[in-house]
Amino acid sequence: MLEQAAFLRDRLQKSRCTVVFTGAGVSAESGVPTFRGQDGYWKNFRVEELATPQAFSKDPKFVWDWYDARRLALHTKEPNLAHKKIVEWEKQFGNVHVITQNVDGLHQRAGTEKIHCLHGDIWEIRCTRCGISERNVEAPLSHLPPVCACGGIQRPGVVWFGEMLPQETWEEAERFCSCADLMFVIGTSAIVYPAAGLPMLAKSRGCYIVEVNIQPTELTPHFDLFLQGKAGEVLSQI
Ligand code: BV8
Ligand code: ZN
């Protein structure tokens, strides 16, 4: 049993605002590849080739092939113990807010209600001509790239490198991290900005920060507690 379990439950109980900040590692035990691990998405690609507006305008079908494959793979994936424990905290302690970099929708499928998706949602597609967004869970997509009723090509509803994060979502995330007294940073390499700046924003306001990761990250030295291990295994002990 995790020796800090009782301490962390007490902190969760007393917290006025808890933020759970997650990255791809929280979905790893669901079988979803991370971005930078040895089995990661990026191992065979360069970011510039895929997750940028330039790549999409150059070859929308090539980019859609990758997103279509990820959506298809996600169809057989389920939320894991980590996602479920976070839902339990939200129900039990109330003021728990999830801020995720993930686009896989697994937090939502697990039942998380108070969630802020900084990098969008792979199940949203948005028209590049009229801007209309729609939820589309078809996998594989019958037509690549998908086309809007207005005739415009539709893109994945995610935030690519070089693109601004959704303004309102970003501002909400900053607000919650500014007032959080407890933050769990789970399964992120803390490489992608501005998202990776949120834990240090919370830290600057005196927040107690717990990191859960299979290995230390660049930010580990700045945090109050580092719990080494798989997210599902560690969280289920708290
Ligand atoms: C922006 C959606 C302002 C798409 C993603 C040059 C020009 C423009 C911008 C930049 C530039 N140089 C740098 C930047 C900023 C850039 C950036 O940060 N680049 C990085 C690579 C240095 N950021 C941006 O461009 C952002 N926008 O800055 O706008 C702007 C605008 C115009 C001009 C200038 C500035 C937008 C970034 C959003 C990119 N979109 N995703 C998609 O998913 O396809 S990012 C992508 O990385 C995912 O969202 C992912 O979540 C995110 C972060 O990765 P992680 O989640 O941390 O995943 P990773 O694999 O890295 O790590 C997994 C971790 O889990 C590891 O630590 C591992 O140890 C751990 N783990 C593994 N298994 C487990 C585990 N932990 C626990 N349990 C386990 N079982
Ligand atoms: Zn359209």
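The values are calculated or read from the model by the stated rules, or taken from the named source; none is laboratory data. Note that this is a predicted model, so its numbers are computed, not measured. In this analysis, Cβ positions are derived from the backbone assuming ideal geometry, glycine residues included, and neighbour counts consider all displayed protein chains. All accessible areas refer to the heavy atoms of the entire protein, side chains included, with ligands and DNA or RNA removed. Shrake-Rupley method; radii C 1.70, N 1.55, O 1.52, S 1.80 Å.
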Low-density loop positions, GluC sites (Glu not before Pro), region 93-142 - DSSP coil, at most 15 other Cβ in 10 Å: E113, E138
Those residues of region 170-192 whose amide nitrogen sits under 19 Å from the label point placed on S204, 7 Å along Cα→Cβ: 170-185, 190-192
Find the Cα radius of gyration of region 27-165, compare it with 2.2 N^0.38 Å by division, and give the number to two decimals. 1.10
Peptides 70-82, 24-36 ordered by average Cβ neighbours within 10 Å, highest first: 24-36, 70-82
Given a Förster distance of 25 Å, report the FRET efficiency between L225 and R175 from their Cβ-Cβ distance, rounded to the nearest 0.05. 0.55
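Over all directions, average the projected area of the Cα convex hull of the chain and note it in nm². If you can, show how the numbers build up before the last one.
Numbers: hull surface 50.0 nm².
Seen from a random direction, the Cα hull of the chain projects 12.5 nm² on average.
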Points 7 angstrom from Cα along the Cβ direction at K84 and I214: gap in nanometres? 2.0 nm
Using alpha-carbon positions, the gyration tensor of region 112-192 gives root eigenvalues a ≥ b ≥ c; with a/c under 1.5 called rounded, otherwise prolate if a/b exceeds b/c, else oblate, the class is prolate
Would you work out which of Y41, H97, S204 lies farthest towards the positive end of the dipole of the chain, given +1 charges on the beta-carbon of Lys and Arg and -1 on that of Asp and Glu, about the Cα centre? H97
Which value, in Å² and to the nearest 10, is the accessible area of K114 when all protein chains are kept and the probe is 1.4 Å? 70 Å²
Would you compute, from DSSP H runs of 4+ residues alone, the mean residue ellipticity of the chain at 222 nm, taking -39500 (n - 2.57) per run and dividing by the full residue count, rounded to the nearest 500? -9000 deg cm²/dmol
E49, E233, E168, ranked by accessible area, largest first (probe 1.4 Å): E168, E233, E49
Any helix of the chain counts here only if DSSP assigns it H throughout, its Cα atoms span 15 Å or more along the axis, and its mean Kyte-Doolittle hydropathy is at least -1.0, and such helices are 60-74, 81-93
I want the local charge near S30. Using Cβ-Cβ distances under 15 Å, sum +1 for each Lys or Arg and -1 for each Asp or Glu among the other residues. +2
